[in-house]
Amino acid sequence: MRLIPLAVLLTTAAPAAAQTIHQYGGLALAPAGDRVVAVESDAGHGRVTMRSAVDGHVLRTIDPCATCSYAGLTFAPNGDLVFLARDGKAGNVRLMYADAKTTRTIATVAGIAQTPRVSPDAKRVALLVTLGAAKESGATQAGVRMVGEIGEKNDEQRLAVFDLWRETTTVTPLSPAGRYIYEYDWTPDGRGFVATTALGNGDNNWWVAGLDAINANTGAVRPIAKPAMQLNQPRVSPDGRTVAFIGGLMSDFGSIGGDVYTVPLAGGAPRNITAGAKSTVTTIDWTTGGLRAVTLAGDQLQFGTLITGQAVKPAFSKPASAAAGDGRAVFSADGRVAAAVVQDYEHAPAIYAGPLSSVRQITHDNDTLTAPGTARSVSWKNEGYDVQGWLLAPRSAAAGKAPMITMVHGGPSAANMPGYLAPTTMNAALLNAGYYVFLPNPRGSYGQGEAFTAANKRDFGGGDLRDILAGIEAVERVAPVDNNRLGLGGCSYGGFMAMWANTQTNRFKAIVAGAGLSNWVSYYGTNGIDQWMLPFFGRSMYDDMKAYEDVSAIYQAKKAKTPTFIYVGERDIEVPPTQSIEWWHALKDQNVPVSLVIYPDAGHCVSGAEQSKDVRARSIAWFDRYVKAAR
């Protein structure tokens with residue numbers, strides 16, 4: 001289920017005098033730590049923009065294709081740039097190379113491509129390619145229509161290698177057919193790769209991928225390790241003897257969080273080198289100066305050095321969120337310099353860079369932008385757990401007590417992290433409509449170590465819901481929130497919690513459930529990603545059906561009384577629309593006010609701009625009708 005919270009995914013109609021936000025995407029840092037590059041735009045077409053990592057001034061702009069979108073920015077060891085140009089008009093992806101003077105094409109892929117990485121000797125570049133792709137890469141993307149003979153053909157993401165110094169007219173994958181490659185890293189000698197891979201359906205088997213070595217000349221695959229956990233970000237040590245990776249209970253495609261493990265490249269049993277840490281590692285990089293990492297520790301984003309046997313030693317800490325490349329931050333080759341795009345609820349994105357102990361803001365394109373609310377971190381205790389969340393308050397709150405909407409994040413393995421309250425986010429729309437917004441991080445979330453993340457195994461909607469209800473009480477002790485005017489919303493796992501809470505409590509006057517799960521039994525048999533559930537439930541639905549029934553709202557539908565707006569994407573493979581139809585039918589049968597909208601061609605959590613705007617409008621109207629009007 002998609003981890004990204006509803007508040008991040010849903011866009012709204014911008015006010016007439018909408019602020020233009022300068023966007024920075026795919027940030028990369030040069031090996032020497034002297035330059036950063038990102039895809040930058042104010043609106044519409046983005047351009048590859050290179051800046052000084054010292055003061056942020058623009059050094060160069062690269063834009064070879066007016067009909068292209070750019071991604072996959074990565075520096076070669078010599079400081080030159082490799083990137084991808086996806087041509088929407090031609091329907092292909094170009095692998096591009098830019099030195100100090102020229103920009104040229106290395107290869108053109110008829111399909112989709114991602115994650116270029118240049119070899120240590122700067123002679124070759126590797127790339128993940130999906131030739132003739134039927135859908136976008138990733139389980140959260142809209143799936144292919146379920147017609148014809150299903151399950152017999154899957155997209156294959158394979159590894160291809162190109163000569164950096166000449167253009168190639170054909171693309172021949174190196175890795176074997178039938179094996180999906182998720183993430184990879186070159187070995188320092190340039191003779192091979194380490195990668196997370198799985199056989200068969202790439203969307204579903206991400207949760208059971210193993211760590212493998214791939215020969216750079218023959219494509220031969222050799223297993224390194226296959227521990228019973230989700231693996232991410234394989235990184236090879238500079239001496240080529242050890243592989244580090246992030247491992248843990250990660251319940252959604254592309255959301256990374258866990259402990260750091262190391263294993264010999266030759267193979268063996270992985271060793272947890274951050275065991276017991278009260279934080280979640282979200283990014284690692286193995287530099288010549290040692291392992292570097294980004295962690296979430298409570299409400300703090302941290303960059304730092306990873307010390308074996310201990311938690312990360314933070315050099316930078318801020319209540320914010322960050323993004324860069326395929327992680328949360330990027331580091332120079334020696335690990336002395338870090339860079340990331342940083343934002344919080346009240347401050348729009350900006351590039352931060354500098355020596356690890358003095359990372360600072362170097363761009364100021366968005367400094368004049370304002371936010372419609374203020375944010376504060378709220379902590380409380382419940383059943384022996386220390387729990388944290390965020391409370392957003394409207395800047396122009398009316399006198400007296402105000403209504404509040406609690407938004408539950410997806411996952412469940414994820415966290416609500418600070419993101420700018422742009423005019424086109426649901427959080428901003430709620431604040432502008434006069435609501436307080438509560439964003440809890442109950443047990444099952446990232447930020448307090450792997451034990452906390454795993455605390456809702458076989459307890460979906462149990463302790464985590466009690467943590468949320470206790471959090472609402474904590475908020476009411478510090479803010480003028482009207483206990484009689486509370487609403488609840490969420491998407492994916494948050495959608496499940498919204499449906500489930502309707503059978504467990506009457507505290508909420510209205511509910512919005514996006515891409516929710518109402519029946520774990522039927523969900524198991526109809527979704528496209530059933531492997532993610534096994535670590536949580538312990539056994540398959542067919543081996544332990546009662547465990548799935550016990551947390552299914554549909555089995556307790558007669559207790560549901562709260563008016564509910566439901567929405568879902570027609571082509572959602574993570575949580576099929578049948579789950580929403582079941583719950584809509586159950587509430588309708590019980591004469592509970594309910595509305596269901598299925599958005600055509602949409603994937604998980606309905607992320608398209610126009611459809612999201614409609615979701616936002618319907619959600620606000622629903623809350624206004626049943627929450628704001630309640631007394």
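Here are a few things to note about the model shown:
- The residue list Arg158, Arg191 contains one member that is within 17 Å of Ala113 (Cβ to Cβ), without any contact (Cβ under 8 Å) to a residue 40 or more places away in the chain and among the charged types (D, E, K, R), which is Arg158.
- Considering residues of the range 362-389 that are farther than 28 Å from Gln448 by Cβ and not acidic (Asp, Glu) only, the residue surrounded by the most Cβ atoms within 10 Å (Cβ to Cβ): Thr363
Yes/no per residue for (1) of a type in the set (A, V, I, L, M, F, W, C); (2) modelled with pLDDT of 90 or more; (3) open to solvent by 50 Å² or more (accessible area, probe 1.4 Å):
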site: Gly148; (1), (2), (3): no, no, yes
site: Ala160; (1), (2), (3): yes, yes, no
site: Asp189; (1), (2), (3): no, yes, yes
site: Phe193; (1), (2), (3): yes, yes, no
site: Thr196; (1), (2), (3): no, yes, no
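- Residue count for the range 460-496, restricted to those that are surrounded by fewer than 18 Cβ atoms within 10 Å (Cβ to Cβ) and at positive phi: 0
- Filter result for the condition that a residue is outside any loop (DSSP other than H, G, I, E, B), surrounded by fewer than 17 Cβ atoms within 10 Å (Cβ to Cβ), within 21 Å of the chain's Cα centre (by Cα) and not hydroxyl-bearing (Ser, Thr, Tyr), over Ala451, Ala513: Ala451
- Qualifying residue in the range 300-313 (condition: under 19 Å from Tyr446 (Cβ atoms), in contact with a Leu (Cβ under 8 Å, 6 or more places away or on another chain) and hydroxyl-bearing (Ser, Thr, Tyr)): no
- Boolean, Arg51 is under 25 Å from Ala353 (Cα atoms) and open to solvent by less than 50 Å² (accessible area, probe 1.4 Å): yes
- Taking the numbered list (1) in contact with a Lys or Arg (Cβ under 7 Å, 6 or more places away or on another chain); (2) not in a loop (DSSP other than H, G, I, E, B) in turn, Asn506 passes all entries but (2).
- Sole residue being assigned to a loop (DSSP other than H, G, I, E, B), of a type in the set (Lys, Arg), open to solvent by 40 Å² or more (accessible area, probe 1.4 Å) and out of contact with any Gly (no Cβ under 6 Å at 6 or more places or on another chain), chosen from Arg571, Arg539, Arg616: Arg539
- Every residue from the range 230-256 that is part of a loop (DSSP other than H, G, I, E, B) and out of contact with any Leu (no Cβ under 7 Å at 6 or more places or on another chain): Ser237, Pro238, Asp239, Leu249, Met250, Ser251, Phe253, Gly254, Ile256
- Residue count for the range 236-273 under the criterion of being of a type in the set (Phe, Trp, Tyr) and open to solvent by 10 Å² or more (accessible area, probe 1.4 Å): the result is 2.
- Matching residues in the range 104-124 - criterion: being over 27 Å from the mean Cα position of the chain (by Cα) and polar (S, T, N, Q): Thr105, Thr108, Ser119
- Some residue of the range 325-337 being at pLDDT below 95, outside any strand (DSSP E or B) and of a type outside the set (Ser, Thr, Tyr): yes
- When residues in the range 202-226 are screened for being more than 15 Å from Pro173 (Cβ to Cβ), in contact with a Phe, Trp or Tyr (Cβ under 8 Å, 6 or more places away or on another chain) and part of a loop (DSSP other than H, G, I, E, B), 1 of them pass.
- Qualifying positions in the range 542-568 - open to solvent by 10 Å² or more (accessible area, probe 1.4 Å) and either in contact with an Asp or Glu (Cβ under 7 Å, 6 or more places away or on another chain) or closer than 14 Å to Thr578 by Cβ (or both): Ile554, Tyr555
- Scope the range 309-333; condition of a type in the set (Lys, Arg) and surrounded by fewer than 23 Cβ atoms within 10 Å (Cβ to Cβ); matching residues: Lys313, Lys318
- Taken as a whole, the condition of being among the small types (Gly, Ala, Ser), surrounded by 16 or more Cβ atoms within 10 Å (Cβ to Cβ) and either in contact with a helix residue (DSSP H, G or I) (Cβ under 7 Å, 6 or more places away or on another chain) or closer than 29 Å to Ser332 by Cβ (or both) does not apply to Gly210.
- Lone qualifier among Val592, Val575 - being within 22 Å of the chain's Cα centre (by Cα) and in contact (Cβ under 8 Å) with a residue 24 or more places away in the chain: Val575
- Given (1) over 18 Å from Phe452 (Cα atoms); (2) in a loop (DSSP other than H, G, I, E, B); (3) of a type outside the set (Val, Ile, Thr), number of the condition Arg292 does not satisfy: (2)
- Single residue of Val82, Val58 found to be of a type outside the set (Phe, Trp, Tyr) and open to solvent by less than 10 Å² (accessible area, probe 1.4 Å): Val82
Yes or no, residue by residue, for (1) open to solvent by 50 Å² or more (accessible area, probe 1.4 Å); (2) among the basic types (Lys, Arg):
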site: Ile307; (1), (2): yes, no
site: Leu391; (1), (2): no, no
site: Arg395; (1), (2): yes, yes
site: Ala398; (1), (2): yes, no
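- Any hit, the range 597-605, residues being open to solvent by 10 Å² or more (accessible area, probe 1.4 Å), in a strand (DSSP E or B) and not aromatic (Phe, Trp, Tyr): yes
- Evaluation of Trp500 against the conditions (1) assigned to a helix (DSSP H, G or I); (2) closer than 30 Å to Pro593 by Cβ; (3) open to solvent by less than 10 Å² (accessible area, probe 1.4 Å) shows that the sole unmet condition is (3).
- Search result, residues across the range 413-426 that are at pLDDT 95 or above and crowded, with 24+ Cβ neighbours inside 10 Å: Ser413, Ala414, Ala415, Asn416, Met417, Leu421
The values are calculated or read from the model by the stated rules, or taken from the named source; none is laboratory data. Quick caveat: nothing in here was measured; it's all calculated off a predicted structure. In this analysis, Cβ positions are derived from the backbone assuming ideal geometry, glycine residues included, and neighbour counts consider all displayed protein chains. The accessibility values were calculated without ligands, DNA or RNA, using every heavy atom of the protein model including side chains. Shrake-Rupley method; radii C 1.70, N 1.55, O 1.52, S 1.80 Å.
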